[in-house]
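Colleague: One structure is given below, represented as structure tokens, and several questions about it will come after.
Here, each number is a calculation from the coordinates, and none is a lab measurement. Computed from a prediction, not measured in an experiment: that's the story for all the values here. Heads up, the Cβs are rebuilt from the backbone with ideal geometry, glycines too, and the neighbour counts pull from every protein chain shown.
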Amino acid sequence: MSAPGLDNIEVDLLIQALQRRHGYDFSQYAPASLKRRVQQLTEQLDCKTISGLIERVMHEPELLPNILEGLTVPASDMFRDPTMFRGLREQVFPLLASYPQINIWQAGCAHGQEVYSLVILLEEAGLYERTQIFATDLSDRALQQAQDGIYPAREAQQWSRNYQASGGTRSLADYYSARYNLLKVDQHLRRNVTFAKHNLVSDSVFCEAHLILCRNVMIYFSNPLQNRVLSLFRDSLVRGGFLCLGLRESLEYASSAGEFTPFAEQLRIYRLAIHQERKLA
Amino acid sequence: MNVPAAIAIGCSAGGVDALKAVIGGLQATLRQTVVVCCHSSSDTVGLLCEVLGRTSKLPVIEAAERHQAQPGVVQLAPTGYHLLVENDHHFSLSIDSRVNHSRPSIDVLFMSAADVWRSALIGVVLTGGNNDGAAGLRRIRQLGGLAIVQSPHGAVAATMPQAALDLAGADHCVPLDDIAPLINRLCMA
Ligand SMILES: C[S@@+](CC[C@H](N)C(=O)[O-])C[C@H]1O[C@@H](n2cnc3c(N)ncnc32)[C@H](O)[C@@H]1O
């Protein structure tokens, strides 16, 4: 086995290589899981060492999409945490319904499972026709897959259960077609969704949103980066706008969290404080 | 090994009773950080914390992301997330794919804990029906930490402790009831 700590040096060098060669900055990601992913990627790409991976990062630019996908692992599910989706449906949607046009930003959309979950809920609430959803991610590969909306059929059972538990009024199967061992989401559902590349580390305000979902993305970020992203969300939300995080995310260490007030704290749904001079429309 | 600073425990099938025995037997004066990964089919680990808390002399809580790992406290991985420990001893979570069909995975917790505590870590593998934890325990030993494995014979499910023995070996392979007293002894400075 190599000398202790060698792998930490190699991970640091890899981060530098990605930054200087390709302009992607992973230096503010939580180190332990980043290291795991780097090790997995090293294996997947048949490199003997992380240093070997660095060489490929430097000299094989065509590998970049692979590498970004490997370092971000776009894992997701439809209606993950059904209680949260139920909370959206029952508590947040009635308030969003007062806007003539609803903008939703889903940051870190992975393969799109959550976008389609959201669309289905909006459709059933009769709000989808006046909604525009911006679904963004760092990884082009993930965005492409999100756009295609094709998933392994073995997920269908669990996702149907989640859908029912989140208060779905129909059958999830109404929204996809199954062929062989794949299921494809009804493409008509995509009509008000714009998929776009956006890097939470380096890009700026994206749109003026009434609701932002960013679930299980900041768990990979160190405190300063979490703080940056929260300020970005603050600047992107209308007053009284909603922010949804993953059910196990902590805000205690981010100073910019102060402007978000808990709306349904168990569900990690927050609201941008409504300042006196500007009331919710 | 150095005086241990932390104890990492992993289990799955039959794990609740095994944890009751181990956690319940830890002495009140224990100053080590205790982290636990228990596979379970329930929605939250909160109930397990409560159950263990009833018989434990140490507080038992769910590990929360960004919070410091606390000495003298038993901290359990939340259901559905991998639990990792960072170098400055705070917790982080990940929802990367399952490892050994498991999330949380014992291997993930053990490997990150091994990186942090190195030779000051005790790894414990209890009853379980798959081989999660074996690679993590090997890593703990490689970095100078100490391994305790429940003897497969008396275990509700022998697969997990046996897999750990086969891949990593153990410094102590003992029946369930001997594990807490052993940890208490090892942890006395
Ligand atoms: C674990 S997935 C979360 C998916 C979904 N929100 C959920 O909770 O099921 C995290 C996603 O965040 C994306 N991501 C990671 N870093 C990012 C960044 N700097 N900017 C934008 N997206 C990022 C990854 O590509 C990945 O698709």
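Colleague: Sort B:Cys37, B:Cys49 so the one with the fewest other Cβ atoms within 10 Å of its own Cβ comes first.
Modeller: Lowest count first: B:Cys49, B:Cys37.
Colleague: Give the Rg (one decimal place) followed by the Dmax (whole number) of the stretch A:1-66, computed from C-alpha coordinates and expressed in Å.
Modeller: Looking at the stretch A:1-66, its Cα Rg and Dmax stand at 11.2, 32 Å.
Colleague: Report the residue, chosen from A:Phe233, A:Phe26, A:Phe134, that carries the largest GNM mean-square fluctuation when chain A is represented by alpha-carbon nodes joined by springs under 10 Å.
Modeller: A:Phe26
Colleague: Packing-wise, with mean Cβ within 10 Å as the measure, how do A:263-272, A:95-104 rank, highest first?
Modeller: Final packing ranking: A:263-272, A:95-104.
Colleague: Let me ask something else. Using a Förster distance of 51 angstrom, determine the FRET efficiency expected from the C-beta separation of A:Arg239 and B:His153, and round it to 0.05.
Modeller: For A:Arg239 and B:His153, the calculated efficiency is 0.20.
Colleague: Further question: Stick to the Cα atoms of chain A, pair each with every other, and give me the Kirkwood hydrodynamic radius in Å at one decimal.
Modeller: Computed over chain A, the radius equals 20.0 Å.
Colleague: In addition: How big is the Cα convex hull of the stretch A:108-260 in projection, averaged over all directions, in nm²?
Modeller: Seen from a random direction, the Cα hull of the stretch A:108-260 projects 9.5 nm² on average.
Colleague: Which of A:Arg190, A:Arg179, A:Arg215 moves most in a GNM of chain A, Cα contacts under 10 Å?
Modeller: Answer for the Gaussian network model of chain A: A:Arg179.
Colleague: Work out the P(r) tail for the stretch B:6-188: percent of alpha carbon pairs separated by more than 25 Å, whole number.
Modeller: 21 percent
Colleague: Here's something else I'd like to know. Looking at A:Ala17, A:Ser51, A:Ala30, which one has the Cα that reaches farthest to the positive end of the dipole of the stretch A:6-72 (charges on Cβ: Lys, Arg +1; Asp, Glu -1)?
Modeller: The residue sitting farthest along the positive end of the dipole is A:Ala30.
Colleague: Continuing with this model, one more query. Which translational diffusion coefficient, to the nearest whole µm²/s, is obtained for the stretch B:100-171 from the Stokes-Einstein equation, given a Kirkwood hydrodynamic radius over C-alpha pairs, 4 °C and 1.567 mPa s?
Modeller: For these conditions, the coefficient is 112 µm²/s.
Colleague: A follow-up question, please. May I ask you to work out the translational diffusion coefficient for the protein assembly as shown at 4 °C, viscosity 1.567 mPa s, via Stokes-Einstein with Rh from the Kirkwood sum over Cα pairs, reported in whole µm²/s?
Modeller: My calculation gives 55 µm²/s for D.
Colleague: Here is a further query. Pick from A:Pro74, A:Pro31, A:Pro152 the residue whose mean-square fluctuation is largest in a GNM of chain A, springs joining Cα atoms under 10 Å.
Modeller: A:Pro152
Colleague: Using 7 Å Cα-to-Cβ label points, what is the A:Tyr253/A:Gln132 separation (nm, one decimal)?
Modeller: Result for the modelled spin labels: 3.7 nm.
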